[in-house]
Amino acid sequence: MTELNYAAPDSLDAAVGMLADAGAGARILAGGTDVLVLLHGDLIEPELIVDIKNIPELTDISVEDGAWKIGAATSGMKLMGHEGFAAAWPGVIEGVALIGSIQVKGRASVGGNLCNASPAADSVPPLIAAGAVANIAGPGGRRDLPVEDVVTGPGQTALEAGEMVVSFTFPKRPPHSGDCYLRLTPRTEMDIAVVGAAVNVTLDDGGTCTAARVSLGAVAPTPLLVEDAAAALIGTPADDAALVALSEAASAACDPIDDKRGTIAYRIKTAGVMARRAAETALERARRN
Amino acid sequence: MPKAHVSTTINGDEYEFLCEPGQTLVDVIRNGLGLTGTKEGCSTGDCGACSVMLDGELVCSCLVLAVEADGKNVDTIEGMAEGEDELHPLQRNFLELNGLQCGICTPGILIAARALLERNPDPTETEIRFWLAGNLCRCTGYDKVIRSVQAAAEEMRES
Amino acid sequence: MASILENSGFNPDKELKVVGTNPVKQDGPDKVTGRAKFGADLILPGMLFGKILRSPHPHAILKSIDTSKAEALPGVKAVVTRDDFPELPLGSPGGDLSRNIMAREKVFYDGHPVAAVAATSEPVAKRALKLIEVEYETLPHVIDPVEAMQPGAPILHDHLRTKGVEGAEDSPTNVVERLDLAMGDVEAGFAEADVIVEREYDSKPMHQGYIEPQGCVANCNEDDQIELWCCTQGTHVFRDRLADILRLDSSRIKVMQSEMGGGFGGKTGFYGEPLAVVLSKKARRPVKIVLTRNEVFRCTGPVSGTRSRIKMGCTNDGKIVAAEAELIFQTGAFTGSMFFNAPHAMFTRYALDNIKTTAWEVVSNRPKVNAFRAPCVPQIVFGVEGIVTELANKIGMDEIDFRLKNAATEGYTTLYGATFGPIGFVETLEAAKKTDHYNAPVKPGEGRGLAAGFWFNRGGDTTGSLTITPDGSVNIMLGTSDVAGSRVSISMMAAEELGVPLEKVRANFADTSAIGNNRVTAGSRTTFSSGMVIVDGARQAIDKMVARAAEIWGVSPEEVTFEDGHCRPASANVGDFEPLSIKDIASRTSVSHGAIAGHSEMNVTGEGPGFGVHIVDLKVDRGTGRVDVTRYTVIEDAGKAIHPLQVEGQYQGGAVQGVGWALNEEYIYREDGTLDNPSFLDYRMPVASDVPMIDTVIVEVPNPNHPYGLRGVGEVPVVPTLAAIGNAIGDAIGIRPQSLPMSPPKLLELMDGGETKAAAE
Ligand SMILES: Cc1cc2nc3c(=O)[nH]c(=O)nc-3n(C[C@H](O)[C@H](O)[C@H](O)COP(=O)(O)OP(=O)(O)OC[C@H]3O[C@@H](n4cnc5c(N)ncnc54)[C@H](O)[C@@H]3O)c2cc1C
Ligand code: FES
Ligand code: FES
């Protein structure tokens, strides 16, 4: 029977040191909304819980020359309440806003959402669509990884032992950009995505799509970056034909499973529907910006 | 098991307790400190019956480790009424408009609703419904819950 | 024993002061301040924490259980297994019950208890569970009831033979019972029909979904007297069943009622409570057991899943001429589904002459089902009311008019043999027809559905006492549990009878040692039945007060009347006496003939059937199959609404439970027979943002057998919901679903004409 200890270091170095020392027995605690469910369901038996919320860098929100940086352990409610960030990345906020209840978002973080590595994590597709980068610290120092490369399978990440995500940085947004995240669940709230779709687009002054990223959640072992769907938009006026192509590409990219939340057929079909709806809203936002 | 020593303030009163590092806050306040007004319906964040305020943030106390409350302020249902005859307007309106049936969800809903009205004194019906989406109620069909919150909000705006 | 108040005294013209108002319920203030004590809230000195070890297999022989390592763990005070329960005969009611709460020869479902531990803390108890070694020999399992009926299906109980089938083979089966009911001549009826509709339906088990998991504290003292504190819908039933399975005298068991955080039928039977009792007996300390939500879903009563085939026919002028049904009910691992309710109630509300039903109850490797509001009825009415609307549409008649044309009225004799007294189905339909909702146009893109429902309402064994204290205030002792405000409603009736303000009346729960038998609070019986015995008690107390006043004045009791809380001379001839208040009389009881109280026990009959109509508008997302309910109205006959706000609450709560059952709630099993969604997150009950306000219309067609005309309002509100939503979806998409829940994938497939599924295959 393992003994559980708890530590809440107040510096990154201390946290990294503890994680390195404890090795496989350590478990990072951000908001704990996944960790506590796993812990009390006896699905994990850590020896050391390292609470990272007391490390200033982990809960900071800042912007430099239009490029936002958010601490990985920032709570959902704090992020949603940050007017500047919310205005810049509405799609990301839509993803965060769909995580659990107000109570859950009072704790839940984007870093935790990503590192829990569920294919259905709601904030991950919009981060991928945004082109966000995870800033990682570990025993070997710091490194950056595009968000789409962090999750490698259900419950698995590319993080090495002792590594943690410190923050996410977002690219500076050109004019006429917009993003959106939509999720399909039977209930309006408190549900896990059957399909999630994020779209981030940039238009030129004439309304032609110059850049796009499309990401899908809950339709494959990991959240997907769907380049074919983006390609369907890029270089087009983002008209109906382009949206149909995007929708088809999204459905085609799916590699889902049948489970209690949805069937393969249902997910494939609705992934296209949701991707198209997300694209329509993202385009509308881009045209307004 | 190594026990952790925690000092915390609950409803303005100072408490100290020992707990196992894995114990949840709801477990300690209910079973350790005997503050059983906070309810536990699922222990997994799904029902909101365990809602409390932690340093001003609305949280599920089943998703918070008791050790995390060290040095923090916790507000529970037991601290909502001010003195004997001074029920909070939310409490009063829930009573008068039958916003509760069995009452097991009520403490969590009241804590959550107060947090809403502190941020947004004039929420729409839709805003109330989405804010309270984390608080399951199986008895009322939510109708009278929502009406009670609306009535309390109106009363609080007027006073 | 009296079964009904000889003269209910029902008087529609009586001016009411308390009944019909909306006072704050007495248990409310403690509930909004967190002081009310629910099942899990009792803490006793020296209390231990109990945890239950459960089977991971859906079907297996329990070969051996070794608890020695768990017993050796410091802090563990008792471990119990099947060996700690008396062995009762297989197939007897006690034998089934005992085997359901603790597996004996076999485990029958995922989560079936095999051992329990009491320890000084919950973590220690959890650790001890892991040290118990259980050897299983797994057996093939069967989850689906239709599969369970097939020859060659895995057999749960070797002793089981189908009841109700003559000349049945003497070989084991999973079919518990076949129930055939008929009246009139269905074949002749269908021969008269111009239009016949026949369809097949299916439904999945849903859970009652109460937010409070079962919690209890048991304490067995050194004299082997057992006290059990728990959230239950029936303290006396818990006591008697405990006595059965533990082979104890009932008088040794005292069951005490906590506040109850929802039950809806699911707390009529026990689960962890007997284990806490036996652990406490062994450990000689109080033991608390609180189920986890996972345990609640896996092991406590869901409702029956069903398969059904229903056929109805009508003439072109709108008369339903015949109805026929074949119904299969899944009861879980043990019998007890109350499936007979379905044939009894499914068509009842229409004055049909020709009905034929066959119903089957089948065991399979799932938890034993338990009651839920109108047990076994809503999931079948889902089909019936679909067909009723379809028939109306086919003959081009307004669907309310069609129902009105066929509505049962006073004097109709039902399939189950009862003849209706005054009932309010016609009035309910007429009220529905007048609602704003029914008269508003359906919004573009939306669909509208309507359905009707019926429930018997119930009476039964009920006891209550009413005591006048020396200061003239009143105490009521109830042995029925309060699921949503019956204490205040009953107090209101007592206040009305006694002519005192409600503040003077306090209702309390009596434990099982303090009051006579009471059936469970279920079937919409409590406010009706306990109300009846308390009114009886109040009237007895009044008679006694009248006698005392007569004595004080030196007149005969006939010369005294009781009015507005005072004894008064019946006429001027009696003499010039100052009226005596209840307090005046009660304050002298110690120098007269002692305390004044009224006590009543009845096996209450005279319940008045209830009828309801639901109207719903909704939108179906064409791209995803998601449903948004946009408007909802419940119209229902309450007989009399004692406390209208609480009656509305019953209507609204029932409707929203039905919305969940209609759209998303279901039990999902994995291939290996384990439950795949035992959490609120995956079970998907409606949250606040899923539903609109629920409008209500309270119809009041009094039940003259009750002093205040009451019927009962707990069950009907969920009966029509599934059908109304099904009909609305049918209206929106052009195809009426036949499978519950009507979840997004199923609706998308219906809209695609099966294309979605075909594409994947
Ligand atoms: C009731 C309920 C509803 C939910 N609904 C949703 C939903 O709708 N959508 C959704 O996507 N999720 C949902 N979740 C899951 C959960 O809330 C989210 O995944 C949340 O974002 C996790 O964040 P956290 O800070 O609480 O993570 P934690 O629980 O603290 O951590 C999650 C995992 O990530 C690791 N981790 C955390 N931070 C870091 C870091 N900085 N670096 C490396 N590893 C780290 C932890 O060790 C752990 O393995 C729900 C959970 C609950 C309880
Ligand atoms: S007990 Fe915490 S959310 Fe249900
Ligand atoms: S009042 Fe019973 S759960 Fe809300």
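The values are calculated or read from the model by the stated rules, or taken from the named source; none is laboratory data. Keep in mind that what you see is a predicted model, and the values were worked out from it rather than measured. Note that we place each Cβ from the backbone using ideal geometry, even for glycine, and neighbour counts take in every protein chain shown.
Identify all residues within the stretch A:1-56 that are within 12 Å of chain B (Cβ to nearest Cβ), under 26 Å from A:Leu79 (Cα atoms) and of a type in the set (Gly, Ala, Ser); write none if there are none.
Residues satisfying the conditions are A:Ala7, A:Ala8, A:Ala30, A:Gly31, A:Gly32.
One line per residue, one yes/no per condition, for (1) among the small types (Gly, Ala, Ser); (2) more than 12 Å from chain C (Cβ to nearest Cβ):
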| residue | (1), (2) |
| --- | --- |
| A:Pro237 | no, yes |
| A:Leu243 | no, yes |
| A:Ala249 | yes, yes |
| A:Pro256 | no, no |
| A:Thr263 | no, no |
| A:Gly272 | yes, no |
| A:Ala275 | yes, no |
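From C:Ala182, C:Ala168, C:Ala128, grab the single residue that is buried (at least 20 other Cβ atoms within 10 Å of the Cβ) and over 19 Å from C:Ser337 (Cα atoms).
Only one candidate passes the filter, namely C:Ala128.
Tell me, yes or no, whether the stretch A:226-235 has at least one residue that is farther than 26 Å from A:Ala120 by Cβ and touching a strand residue (DSSP E or B) at 6+ places or on another chain (Cβ under 8 Å).
Taking every residue of the stretch A:226-235 in turn, at least one turns out to be farther than 26 Å from A:Ala120 by Cβ and touching a strand residue (DSSP E or B) at 6+ places or on another chain (Cβ under 8 Å).
Checking the conditions here, which among C:His141, C:His207 is within 14 Å of chain B (Cβ to nearest Cβ), crowded, with 23+ Cβ neighbours inside 10 Å and touching a Pro at 6+ places or on another chain (Cβ under 9 Å)?
C:His207
Looking at A:Asn200 and the list (1) free of Cβ contacts under 8 Å to residues at least 60 places away in the same chain; (2) away from ligand 2 (no atom under 16 Å from the Cβ); (3) under 22 Å from A:Arg267 (Cα atoms); (4) surrounded by 20 or more Cβ atoms within 10 Å (Cβ to Cβ), which single condition is not satisfied?
(1)
Would you point out which residue out of C:Gly460, C:Gly485, C:Gly479, C:Gly554 is within 14 Å of chain B (Cβ to nearest Cβ) and small (Gly, Ala, Ser)?
Answer to the check: C:Gly485.
Suppose we filter the stretch B:40-63 for residues that are facing another protein chain (nearest Cβ under 7 Å), of a type outside the set (Asp, Glu) and either outside any strand (DSSP E or B) or more than 13 Å from ligand 2 (Cβ to nearest atom) (or both); how many remain?
Final tally of qualifying residues: 9.
Can you tell me which residue within the stretch B:55-74, out of those that are under 11 Å from the mean Cα position of the chain (by Cα) and buried (at least 21 other Cβ atoms within 10 Å of the Cβ), is nearest to ligand 1 (Cβ to nearest atom)?
Only one residue tops the list, namely B:Cys60.
Here's a check for you: in the stretch A:184-213, which residue that is among the acidic types (Asp, Glu) and within 30 Å of B:Leu132 (Cβ to Cβ) is nearest to the other protein chains (Cβ to nearest Cβ)?
A:Glu189
Which of the residues that make up the stretch C:409-441 are hydrophobic (A, V, I, L, M, F, W, C) and crowded, with 16+ Cβ neighbours inside 10 Å?
Across the stretch C:409-441, the qualifying residues are C:Leu415, C:Phe420, C:Ile423, C:Phe425, C:Val426, C:Leu429, C:Ala431, C:Ala432.
Does C:Asn664 satisfy the condition of being buried (at least 20 other Cβ atoms within 10 Å of the Cβ), touching a Lys or Arg at 6+ places or on another chain (Cβ under 7 Å), modelled with pLDDT of 95 or more and more than 14 Å from chain B (Cβ to nearest Cβ)?
Considered against the rule, which asks whether it is buried (at least 20 other Cβ atoms within 10 Å of the Cβ), touching a Lys or Arg at 6+ places or on another chain (Cβ under 7 Å), modelled with pLDDT of 95 or more and more than 14 Å from chain B (Cβ to nearest Cβ), C:Asn664 comes out as no.
Count, please, the residues in the stretch C:668-683 that happen to be more than 10 Å from chain B (Cβ to nearest Cβ) and of a type in the set (Gly, Ala, Ser).
Final tally of qualifying residues: 1.
Please note which strands (runs of 3 or more DSSP E) are completely contained in the stretch A:48-155 and include at least 2 residues that are within 14 Å of the chain's Cα centre (by Cα).
A:67-71, A:133-138, A:141-146, A:151-153
Can you tell me how many residues in the stretch C:680-690 are surrounded by fewer than 22 Cβ atoms within 10 Å (Cβ to Cβ) and within 16 Å of ligand 2 (Cβ to nearest atom)?
Matching residues across the stretch C:680-690 total 2.
Which is at pLDDT 95 or above, in a helix (DSSP H, G or I) and within 16 Å of the chain's Cα centre (by Cα), of A:Ala286, A:Ala278, A:Ala230, A:Ala249?
Criteria check complete, one pass: A:Ala278.
Only residues that are among the small types (Gly, Ala, Ser) and touching a helix residue (DSSP H, G or I) at 6+ places or on another chain (Cβ under 6 Å): list them for the stretch C:240-276, please.
Answer for the stretch C:240-276, where residues must be among the small types (Gly, Ala, Ser) and touching a helix residue (DSSP H, G or I) at 6+ places or on another chain (Cβ under 6 Å): C:Ala243, C:Ser250, C:Ser258.
Would you check if there is a residue in the stretch A:140-148 being under 27 Å from A:Lys53 (Cβ atoms) and acidic (Asp, Glu)?
yes
Inspect the stretch B:121-134 for any residue being within 14 Å of the chain's Cα centre (by Cα) and more than 12 Å from chain A (Cβ to nearest Cβ) and give the result as yes or no.
Scanning the stretch B:121-134, I find no residue that is within 14 Å of the chain's Cα centre (by Cα) and more than 12 Å from chain A (Cβ to nearest Cβ), so the answer is no.
Looking only at the stretch C:635-661, filter to residues that are more than 9 Å from chain B (Cβ to nearest Cβ) and hydrophobic (A, V, I, L, M, F, W, C); which one of those is nearest to C:Asn22 (Cα to Cα)?
Once the filter is applied, the top-ranked residue is C:Ile642.
For every residue, the table says whether it meets (1) of a type outside the set (Val, Ile, Thr); (2) within 30 Å of the chain's Cα centre (by Cα); (3) away from every other protein chain (no Cβ under 14 Å).
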| site | (1), (2), (3) |
| --- | --- |
| C:Leu42 | yes, yes, no |
| C:Pro45 | yes, no, no |
| C:Arg54 | yes, yes, no |
| C:Ser68 | yes, no, yes |
| C:Val79 | no, no, yes |
| C:Gly111 | yes, yes, yes |
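Among the residues of the stretch C:426-471, what is the count of those that are of a type in the set (A, V, I, L, M, F, W, C) and more than 29 Å from the chain's Cα centre (by Cα)?
Residues that pass the stated criteria total 3.
More than 14 Å from chain B (Cβ to nearest Cβ) and outside any strand (DSSP E or B), is that true of C:Gly262?
It is false that C:Gly262 is more than 14 Å from chain B (Cβ to nearest Cβ) and outside any strand (DSSP E or B).
In the set B:Gly103, B:Gly108, B:Gly99, which member is within 16 Å of ligand 3 (Cβ to nearest atom) and under 10 Å from the mean Cα position of the chain (by Cα)?
Only one candidate qualifies: B:Gly108.
Check B:Ala69 against each of (1) in contact (Cβ under 8 Å) with a residue 40 or more places away in the chain; (2) more than 16 Å from ligand 2 (Cβ to nearest atom); (3) under 30 Å from B:Pro21 (Cα atoms) and name the one condition it does not meet.
With respect to (1) in contact (Cβ under 8 Å) with a residue 40 or more places away in the chain; (2) more than 16 Å from ligand 2 (Cβ to nearest atom); (3) under 30 Å from B:Pro21 (Cα atoms), B:Ala69 is out only on (2).
For C:Leu275, which of the numbered conditions (1) over 22 Å from the mean Cα position of the chain (by Cα); (2) farther than 15 Å from C:Leu97 by Cα; (3) away from chain B (no Cβ under 14 Å) fails to hold?
Condition not satisfied by C:Leu275: (2).
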